[in-house]
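Okay, so here's the structure we're looking at.
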Amino acid sequence: MKLEIITPEQVVFSGDVELVSLPGIEGTFTMLDNHAPIVSALKKGPLRYRKLTGEEVTISVFEGFVEMNNNVASVCVEGVEK
């Protein structure tokens, strides 16, 4: 599936991944390839994704939302901590 992580200032990541775990306001949840369409609010916390190479990446994101549709997860957040 394709993952896009964007802030108002920049594209943080855009590429193919095996999975993404997100800090939802009701708790952490994970989306895999061919996940059902969803829109969810996100709270500040760790966002984790696994690239197709097996490399796992964790970044801290601020509040925002995620939309999953047609095997594309679009994450729009206020910012990220590096």
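What follows draws every value from the coordinates through simple rules; no lab data is involved. These numbers come from a predicted model, not from an experiment. Virtual Cβ from ideal backbone geometry, glycine too; neighbours counted across all protein chains shown.
Residues in the stretch 35-50 that are assigned to a strand (DSSP E or B) and small (G, A, S): S40, A41, G45. The single residue among G54, G64, G79 that is under 11 Å from the mean Cα position of the chain (by Cα) and of a type in the set (G, A, S) turns out to be G64.
For the stretch 58-72, taking the residues that are free of Cβ contacts under 8 Å to residues at least 60 places away in the same chain and loosely packed, with under 13 Cβ neighbours inside 10 Å, the one that is farthest from I5 (Cα to Cα) is identified as N70. Do the conditions hold for F13, that is, is it in a strand (DSSP E or B) and surrounded by fewer than 16 Cβ atoms within 10 Å (Cβ to Cβ)? No.
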